[in-house]
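K.L.:
Let me give you the structure first, and then I'll get to my questions.
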Amino acid sequence: MTSKFKIKRIKVPYGALERLSAQERYALFILGHIFNEIMALNRMVLLCQPKDTSLRSSAVKAGFSFNGMFYLRLLAGKLYESSLILRSKEVSAFLKAHCFPHLKFDGIATLKEFNKKTSQCKWLNAARNGHAMHYPTFEQTHPTLQRLQEGGAGFEFFVGDRHGETLFWSSDVLASAAFASEANSVDHGEALKQIFDDLNEISRLLLDLTAESINAFVVHHWRGDKKYSDAVKVRDVSTFEIPDFSRFELPYFVFVEKLDAAERPDD
């Protein structure tokens, strides 16, 4: 099921930006980049949760699990990286000079709350260094390897006719468990709950802060008498179809119809 979607295109002309320094323009653009990635990764995490698992095979469930944990690790890493960017002198100065004075809420307090949340989330740094932006070392996976050995776990994977139809299941179990153990090394279920709760709260603060700050900057430049070349432009975009998020999901195993047809032998 799809729905027709209406959206606007807003342009802040260069004439309105040229009074900014290069550092300030960097801050504006990078705030938008952070918002885009954090929003996209949150969507990916949700889309990797299957809508109905009752009739799904173990391979399908394993594929959804891999996708979800993969995007969760990326989200954790990007949230940690975003906290460093928001603390940088360029972005901090831009927010305080061009955004916070025009916000309807206390931007400084929100930024402090975001920084506090990321600082108090002790597992976030380890997750970024060992699981999101890098692969885990032997030392980071050793406790999980021991638990798998104690449980008599073998090495399992799913394989089809092509490499693209392969999922190394046991490898994902190891990677996911090692990642979760950064939050709680004793209870895997509680670890995942903490990870979801922490990332959801940090994402909410960051998305609100970046979107509202950019909006405040744009609205401030929108007001007042300006020559046309410097004025903010708002245009309607032609409607287009979008899928129903509540019905949409992102599986691991997919096929390419044209490719499959080309490789299928003649009847």
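Values quoted throughout were computed directly from the atomic coordinates according to the rules given, and no laboratory measurement underlies them. Fair warning: this is a prediction, and the values are worked out from it, not measured in the lab. Quick reminder, even Gly has a Cβ in these numbers, built from the backbone with ideal geometry, and neighbours come from all protein chains shown.
K.L.:
Taking the alpha-carbon centroid of each part, what is the distance from the range 122-151 to the range 10-82 in angstrom?
P.N.:
Rounded to whole Å, the Cα centres lie 23 Å apart.
K.L.:
Of all the stretches in the chain, which is the longest one without any exposed loop site, taking trypsin sites (Lys or Arg not before Pro) in a DSSP loop (any state but H, G, I, E, B) with at most 12 other Cβ atoms within 10 Å?
P.N.:
The longest uninterrupted stretch comes out as 163-222.
K.L.:
For the chain, which span is the longest to avoid every loop-located (per DSSP) member of GluC sites (Glu not before Pro) having at most 16 other Cβ atoms inside 10 Å?
P.N.:
19-155
K.L.:
Right, another one. Of Ile195, Ile10, Ile85, Ile30, how do they rank once you tally other Cβ atoms within 10 Å and put the fewest first?
P.N.:
Ile10, Ile85, Ile30, Ile195
K.L.:
Still on this structure, I have one more. Going through the cross-link list Lys78/Lys193; Lys116/Lys193; Lys104/Lys193; Lys96/Lys117; Lys78/Lys122; Lys89/Lys117, which pairs have a Cα-Cα distance over 24 Å in this structure?
P.N.:
Lys104/Lys193
K.L.:
Run down the aspartates and glutamates and flag those whose C-alpha is under 13 Å from the C-alpha of Lys11, throwing out any fewer than 8 positions away in its chain.
P.N.:
Asp230, Asp236
K.L.:
Counting just the Cα atoms, what span does the chain cover along each of its three principal axes? Round to the nearest Å and put the largest first.
P.N.:
71, 54, 31
K.L.:
With a cap of 13 neighbouring Cβ atoms within 10 Å, and only residues DSSP puts in a loop, list the chymotrypsin sites (Phe, Trp or Tyr not before Pro) found in the range 82-134.
P.N.:
The qualifying sites are Phe105.
K.L.:
Hey, what's the Cα Rg ratio for the range 103-193 versus the globular rule of thumb, 2.2 N^0.38 Å?
P.N.:
So the range 103-193 has a normalised radius of gyration of 1.47.
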